[in-house]
Structure formats: structure tokens, C-alpha cells
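S.K.: There's a structure below that I have some questions on.
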Amino acid sequence: TKETSGYYADFGGLDHLERAIAEGFVYAGQYSYYRGRCHGMSSADLAADRFIVFSQNHDQIGNRMLGTRLASMVSFESAKLAAGVVLLSPFIPLLFMGQEYAETAPFLYFVSHTDPELVRAVREGRKEEFAAFAWQGELPDPQAEESFLQSKLNPSLRNTGSHRAMLEFYRTLIGLRKSTGALAVLDKNSLELSRFDDSLSLAMRRWAQQDQALVVFGFSESEQTIQVALPPGTWSKTLDSADEEWMGPGSTAPEHLESNGAATLQLCGESFVVYRLKASG
């Protein structure tokens, strides 16, 4: 989202995402600008199945001033990219209600307290909480019934346009995660990451026994050419978020990568592609 106010000041770099995938926690004792002190402990020795990962949850959305969901803040392509990062990671994924079809209704912070003093404290506390952020607009009253009503889901959206495409995209991603051994295993030790700061790209190779998969994430808004170090062999494309099937601009990545130790591909902006190594013999 490119937000840098409040606690978002501590995140947003490609190196942060690389560390999150490789280890789990981003902060392992280094300095936190938001907190004004060193923060965190290393989680490198914790198993992957100890982590639940997400791009949205009820805290992250409900604690935004206007309860804005990711699908209402970023492009359709970027929302698909976020889905790929979560579902193809070596951790247990969590999807927030409606995320799978790009729900647009906000999820506001709402309460139904009977103690007037508690209601006042909640209202004042919310105002103080947002002082560190640069959000614009009027803070919705958490005690108002309208705040609750605005937060209701619109499940019928899943049958229309881009919402339907997103739902099918999530289904396909989940199916790919289940059917591909290298993507199904919850193991941080059977993966290799390569970061490309110039192109804002991150390559992730994962393996399980003889099965190998390559995922290349592209966070640049423009097309990039990326050379990735790979074991020799023929790598076949199994999914590209830029495909027209997913209402993307059209894939530029080749159907196959022939690697003699490295391979080059063109990646659309705000997209990711998945390859699988073809077994020899």
C-alpha cells in the first residue's frame, strides 16, 4: 500500500518480506522506528507449522480508521499478488472473510456497550490510536449501529466480474498448493530465496523429495526481466497471475524455462508466476 505512517513505518521493504518467508518474524532485535527501540527476537529456529500468515485479518482491517480492505486499496493485480505470497508460503495460511472474492465492504471497529463511560473511553481511545497515522476522513462512531451494518458482507459479489475471477483464482491457488508436493510441505528449511532489489522481485524455490517448484514474485508496476539461478532441467509453467484467464494483462513469461544453472524470464508488473521442474527419465 506504500503507507509509511504509524506502525507501517517499520515495514514495506523487499528485505522484510524475504525475512518473513525465510524465518517468520521480521523483527529479531533490530531497531524499530515506530517503537523507538530495538524490538523482537529471532524466530529462525521455529518450525513453519508454528506460523499462521495472512495479508489481512480482523485486527489489521478493523484497526484501520475506515476499516478499508486491501482489495479497495490496491490494484486487482496487486491483490492477486498478495494472495500468491500468502498461499504459496511455507506456512499455514489464513484468509479473512470475503477476501477470497475481493469483498469491498469495510470491516469497521464496532461495539455495543451499555456503559456510557465505556463507550466514551472507546471513542477517545480510537482517536488517540490514529494520531500517529496520516489517514484522512471522519472516524466512524464504533457505538453506532450504522458502523455494524456497513461491515456486512456482500456474498453475491462472488458471482460477478472481477470478484468471480478472484474467487476462481483463490480456488486454483489452493488446489495448486495441495497438489504440488513442494508447495504443500510446511518447511522453512526446504526453500531458497533470491532477492532482486533493482526489479523489486523475489524468487522462491521450494522442494520436497523429487518435486521442485519455483515462484517468482514481481512487485514493480512495470514489466521486468529476471535471471534466476536454478537446478538444470526443464521448468514448466503451472500458473501465471497475469494470464487473461484471471483478468490479467496477458502473460509475458515463457511456458518453459530451460536451465543449465540459470534461466531468464520476463515478468509482468505486479504479478507472480509458478514453475515446476519436469522430472527426468
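S.K.: Roughly to the nearest percent, how much of the accessible area of the chain is carbon and sulfur, given a 1.4 Å probe?
M.R.: 51 percent
S.K.: How large is the helix-only mean residue ellipticity at 222 nm for the chain, computed as the sum of -39500 (n - 2.57) over DSSP H runs with n ≥ 4, divided by its residue count, in deg cm²/dmol to the nearest 500?
M.R.: -7000 deg cm²/dmol
S.K.: When the Cα centres of the range 5-25 and the range 46-101 are compared, how far apart do they sit, in Å?
M.R.: First find each Cα centre; the distance between them is then 14 Å.
S.K.: Further question on the same structure: Only Lys, Arg, Asp and Glu count, each charged at its Cβ (+1, +1, -1, -1), so figure out the dipole size of the range 175-271 about its Cα centre, rounded to 20 debye.
M.R.: Charge dipole, the range 175-271, about its Cα centre: 520 debye, nearest 20.
S.K.: Hand me the tally of lysine pairs in the chain: alpha carbons under 24 angstrom apart, and the pair either on different chains or 8 or more positions apart.
M.R.: Count of close lysine pairs: 13.
S.K.: Determine the dipole magnitude for the chain: charges of +1 sit on the beta-carbon of Lys and Arg, -1 on that of Asp and Glu, nothing else is charged, the reference point is the Cα centre, and the result goes in debye to the nearest 20.
M.R.: It works out to roughly 500 debye.
S.K.: On to the next question. Stretch A105-E192 to full length: gain in nm at 0.36 nm per residue minus the Cα-Cα span?
M.R.: Length gained, A105 through E192: 27.6 nm.
S.K.: Label A208 and T234 with points 7 Å out from Cα along Cα→Cβ: what is the distance between them in nm?
M.R.: Between A208 and T234, the label points sit 2.5 nm apart.
S.K.: While we're here: Based on the inverse mean of 1/r over its pairs of different Cα atoms, what is the Kirkwood hydrodynamic radius of the range 153-253, in Å?
M.R.: It is 15.5 Å.
S.K.: Taking the chain as a Gaussian network, where each spring joins two C-alpha atoms under 10 Å apart, which residue of F169, F219, F96 fluctuates the most?
M.R.: Ranking F169, F219, F96 by mean-square fluctuation puts F96 first.
S.K.: Still on this structure, I have one more. Rounded to the nearest 10 Å², what accessible area does L176 have for a 1.4 Å probe in the complete protein model?
M.R.: Here the residue's solvent-accessible area equals roughly 30 Å².
S.K.: Related question: Could you state the angle between the C-alpha long axis of helix 76-87 and the longest principal axis of the C-alpha atoms of the chain, as a value from 0 to 90 degrees rounded to the nearest 10?
M.R.: 80 degrees
S.K.: Same structure, new question: Could you give me D for the chain, from Stokes-Einstein at 4 °C and 1.567 mPa s, where the hydrodynamic radius is the Kirkwood radius over C-alpha pairs? Units µm² s⁻¹, please.
M.R.: Answer, rounded: 63 µm²/s.
S.K.: On the principal axes of its Cα set, how long, how wide and how thick is the range 1-53? Give whole Å, largest value first.
M.R.: Principal-axis extents of the range 1-53 (Cα, largest first): 32, 25, 17 Å.
S.K.: Sticking with this structure for a sec: Report relative contact order for the chain in percent, whole number only (criteria: Cα-Cα under 8 Å, sequence separation at least 6).
M.R.: Relative contact order, the chain: 16 percent.
S.K.: Kirkwood Rh and Cα-based Rg: tell me the resulting Rg over Rh for the range 214-281, rounded to two decimals.
M.R.: 0.98
S.K.: Counting only the heavy atoms of the protein chains, how much of Y8 is accessible to a 1.4 Å probe, in Å² to the nearest 10?
M.R.: Around 40 Å² of this residue is reachable by solvent.
S.K.: Give me the extension gain from I52 to E223: residue separation times 0.36 nm, minus the current Cα-Cα distance, reported in nm with one decimal.
M.R.: 58.4 nm
S.K.: Could you please put M41, M247, M65 in sequence from largest to smallest accessible area, using a 1.4 Å probe?
M.R.: Sorted descending by solvent-accessible area, the residues read M41, M247, M65.
S.K.: Okay, moving on. Considering only G181, G261, G250, give the residue with the highest GNM mean-square fluctuation for the chain, with springs between Cα atoms whenever their separation is below 10 Å.
M.R.: G261
S.K.: Report the one residue of L230, L70, L167 whose Cα lies farthest in the direction of the positive end of the charge dipole of the chain (charges on C-beta: Lys and Arg +1, Asp and Glu -1; origin at the Cα centre).
M.R.: Checking the options against the dipole of the chain, the answer is L230.
S.K.: When the dipole is taken about the Cα centre of the range 1-65, and only Lys, Arg (+1) and Asp, Glu (-1) are charged at their Cβ, what size is it in debye, to the nearest 20?
M.R.: Rounded to the nearest 20 debye, it is 240 debye.
S.K.: Now a separate question. Could you work out how much longer the chain between N154 and I92 gets when fully extended? Use 0.36 nm per residue separation minus the Cα distance between them, nm to one decimal.
M.R.: Roughly 19.7 nm would be gained on extension.
S.K.: Ignoring ligands, DNA and RNA, what accessible area per residue does the range 148-201 give at 1.4 Å, in Å²?
M.R.: Accessible area per residue: 55 Å².
The values are calculated or read from the model by the stated rules, or taken from the named source; none is laboratory data. The structure presented is a predicted model; accordingly, all values stated were derived computationally and were not measured. Counting neighbours? That spans all protein chains shown, and the Cβs are built from the backbone with ideal geometry, glycine included. Remember, those area values only see protein heavy atoms, side chains included, never the ligands or the DNA or RNA. Shrake-Rupley method; radii C 1.70, N 1.55, O 1.52, S 1.80 Å.
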